[in-house]
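In what follows, a single structure is set out as structure tokens and then discussed.
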Amino acid sequence: MTKRLREFASFSVVTLVLSLVLVNSAWSVRLKDISSLEGMRSNQLIGYGLVVGLNGTGDGSTTKFTVQSLINMMERLGIHALADQVKVKNVAAVMVTADLPPFARDGNKVDVLVSSIGDATSLQGGTLLLTALKGVDNKIYALAQGPLLVGGFASSGAAGGGVQKNHPTVARVPGGASVEREIPFHFAMMKNLVISLNDPDFTTAMRVTEAVNSKLGKRLASPLDAGTIRITVPEGMRKDLVRLVASLQQINIEPDSTAKVILDERTGTVVMGQDVRISSVAIAHGNLSVTIKEDKTVSQPAPFSQGQTVVTPQSNVKVKEGEKKLMVVPEGTSLGEVVKGLNAIGVSPRDLISIFQAIKAAGALQADLEVM
């Protein structure tokens with residue numbers, strides 16, 4: 001390799017390293033990933049229905065509303081039946097829920113979730129009968145029907161034992177609901193677009209405002225608060241709002257966030273943000289472990305003594321206290337340095353929870369401490 005080639009190779013390596021450092025130091029996300037457009041939201045639907053075709057795993061005869069629902073359905077079909085003549089072991093009463101997405105049109109298909117509300121043991125192999133799905137205004141927006149998809153099973157024997165996998169009393173019907181009524185939303189007539197941030201933050205709102213104004217070439221965006229930015233649609237773009245929104249959603253934004261430490265005592269999970277800082281503080285932490293071991297000794301009587309063999313329990317108790325190490329954390333220490341120092345003194349995730357709570361109580365943790 002000639003000298004010029006070696007110099008070029010060295011320059012390429014340095015350029016690659018610098019590019020990786022720049023990428024890691026400043027990251028950004030698309031505007032569509034951290035925000036939503038006001039008015040573009042899903043609506044919840046709910047309905048009551050019956051699932052038929054179960055193999056003896058449906059509701060029992062004591063579930064009165066299932067029996068009454070089945071009788072009412074048969075009456076509408078022209079079949080007269082008495083309550084004492086109806087057995088519902090192959091039928092289950094269910095609640096059906098679905099999310100109606102924005103811009104859903106007549107005939108579109110949406111998924112539905114079916115959940116048992118009686119004493120059915122499994123919905124496997126069942127078929128959902130025609131069910132009307134209503135909104136909060138009590139109007140029908142979709143009709144659901146179809147075979148259920150259960151991600152589990154339950155099997156039991158005559159003696160009472162059995163095997164169960166996952167949750168067999170909840171099922172889905174992919175594409176099982178057909179949209180029958182549209183939710184009015186006049187998107188093409190909008191003169192102002194309102195962007196709502198998923199995590200409100202004043203710094204992020206200002207960065208979004210500046211990025212949108214730079215993209216449009218005019219000061220058309222203004223922040224209303226920490227989570228809302230209003231954009232005035234230019235006259236020349238009001239007939240092409242789809243293209244405008246699509247271009248705005250692709251803008252790269254570097255979101256900001258509050259320094260926060262999340263603690264979950266139940267699972268021993270500790271999550272810390274990159275902006276967490278700790279003031280000058282000294283930390284010492286020691287563990288106290290108690291071990292109890294149960295042993296049994298057998299006492300045998302002497303020969304011809306008429307005695308009895310006796311089993312005597314014995315308990316061995318050991319107490320061990322972990323070595324206490326004092327660690328000094330200097331002021332302004334970053335997240336990486338804190339983790340490195342705490343790992344050096346051998347703390348577990350559950351120990352971290354106690355340590356961070358103590359540091360917060362001492363006023364040295366410059367972050368919000370949230371306990372789940």
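The values are calculated or read from the model by the stated rules, or taken from the named source; none is laboratory data. Model, not experiment: these values are computed from the prediction. A quick note on method: Cβ atoms are made from the backbone with ideal geometry, for glycine too, and the neighbour counts reach across all protein chains shown.
One residue stands out in segment 175-222 among those that are closer than 23 Å to Gly135 by Cβ and among the polar types (S, T, N, Q): the one that is farthest from the chain's Cα centre (by Cα), namely Ser178.
For (1) over 25 Å from the mean Cα position of the chain (by Cα); (2) modelled with pLDDT of 95 or more; (3) not in a loop (DSSP other than H, G, I, E, B), each residue gets a yes or a no:
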{"position": "Val88", "(1), (2), (3)": "yes, no, no"}
{"position": "Ala93", "(1), (2), (3)": "yes, no, yes"}
{"position": "Arg105", "(1), (2), (3)": "yes, no, no"}
{"position": "Val112", "(1), (2), (3)": "no, yes, yes"}
{"position": "Gly118", "(1), (2), (3)": "yes, no, no"}
{"position": "Gly125", "(1), (2), (3)": "yes, no, no"}
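Kindly establish whether Val88 is buried (at least 18 other Cβ atoms within 10 Å of the Cβ) and either touching a residue at least 24 places away in the same chain (Cβ under 8 Å) or in contact with a strand residue (DSSP E or B) (Cβ under 9 Å, 6 or more places away or on another chain) (or both). The answer is yes for Val88. For segment 198-211, state whether one or more residues are in contact (Cβ under 8 Å) with a residue 12 or more places away in the chain, over 30 Å from Leu365 (Cα atoms) and assigned to a helix (DSSP H, G or I). Yes; the residues of segment 198-211 include at least one that is in contact (Cβ under 8 Å) with a residue 12 or more places away in the chain, over 30 Å from Leu365 (Cα atoms) and assigned to a helix (DSSP H, G or I). Just one of the listed residues (Glu337, Glu265, Glu254, Glu321) is charged (D, E, K, R) and modelled with pLDDT under 60, and it is Glu321.
Within segment 223-255, the set of residues being under 17 Å from Leu197 (Cα atoms) and either in contact with a Lys or Arg (Cβ under 6 Å, 6 or more places away or on another chain) or in a loop (DSSP other than H, G, I, E, B) (or both) comprises Leu224, Ala226, Gly227, Gln249, Gln250, Ile251, Ile253, Glu254, Pro255.
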